[in-house]
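For reference, the structure discussed in these notes is given below.
The values are calculated or read from the model by the stated rules, or taken from the named source; none is laboratory data. Quick caveat: nothing in here was measured; it's all calculated off a predicted structure. Please note: Cβ atoms are built from the backbone with ideal geometry, for glycine as well, and neighbour counts cover all protein chains shown. Protein only, heavy atoms only, side chains kept; ligands, DNA and RNA dropped before computing areas. Shrake-Rupley method; radii C 1.70, N 1.55, O 1.52, S 1.80 Å.
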Amino acid sequence: RSPSTCVRLSFTLKMILRELQVSVDYENLIRWSQWKQSLIKKATWVSYVSALHGFMEWCVREGALLVNPIPTEWKNQRLYTPVRAIPTQDEMLDILKSPQENVKFPLRNLAILELCYSVGLRRSEVVKIQFKHLEQAQLRLIGKRQKERLVPLSESVKERINAYVQQERESLCRRKNI
């Protein structure tokens, strides 16, 4: 686990143990959970259960506990995350062909949309893109955990980027004094 995850888990465990104020057994956990679940969001509850479960499993492995007191029905809780709708190829073509009225930088927006769709970029990667990352026929991306990856650019993406650079970028740079 990463250092930030360990810090978060440690903080969560200390808070839970402070709130319990008594021994960590099944009855106290049930009482605490009934009180706590009414005060917090489902995502927070799932993270609390995960922290507690992991800690109790560690206690069992180290011999401090004989069994994990976390109720079985808590262990398999998952936060439902709906699958995001991804536009079909036809829907994306419609978006790219649609008129970009009342938009400040339509060519930039279209270049970003086509780049995202054709390469499969994450939002976090899009916001980190800089012109110095553009190379001949590829783009250098900074992804999860600051990992770099090179992705090829299609001809249509290169054309969109060139159109943006030639027609809009200069005016954008002048406004920002770049």
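Here are a few things to note about the model shown:
- Condition broken by Leu9, with the remaining ones in (1) modelled with pLDDT under 75; (2) open to solvent by 100 Å² or more (accessible area, probe 1.4 Å); (3) closer than 23 Å to Arg145 by Cβ satisfied: (2)
Here's the yes/no breakdown for (1) in contact with a helix residue (DSSP H, G or I) (Cβ under 9 Å, 6 or more places away or on another chain); (2) acidic (Asp, Glu):
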| site | (1), (2) |
| --- | --- |
| Val127 | no, no |
| Phe131 | yes, no |
| Glu135 | no, yes |
| Val157 | yes, no |
| Leu172 | yes, no |
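- Pro152 satisfies every condition listed in (1) within 20 Å of the chain's Cα centre (by Cα); (2) open to solvent by 60 Å² or more (accessible area, probe 1.4 Å) except (1).
- Restricting attention to region 113-133 and to residues that are open to solvent by less than 70 Å² (accessible area, probe 1.4 Å), out of contact with any Leu (no Cβ under 9 Å at 6 or more places or on another chain) and part of a helix (DSSP H, G or I), the residue that is modelled with the lowest pLDDT turns out to be Ser124.
- Within region 148-173, residues that are under 10 Å from Gln138 (Cα atoms) and assigned to a strand (DSSP E or B) reach partners that are polar (S, T, N, Q) and open to solvent by less than 80 Å² (accessible area, probe 1.4 Å) with beta carbons closer than 7 Å, at six or more positions or on different chains, in the pairs Leu150/Gln138; Val151/Gln138; Pro152/Gln138.
- Check on Leu17, over 30 Å from Arg145 (Cβ atoms) and either at pLDDT below 80 or touching a His at 6+ places or on another chain (Cβ under 9 Å) (or both): yes
- Test: residue in region 53-73 that is of a type in the set (Gly, Ala, Ser) and in a helix (DSSP H, G or I): yes
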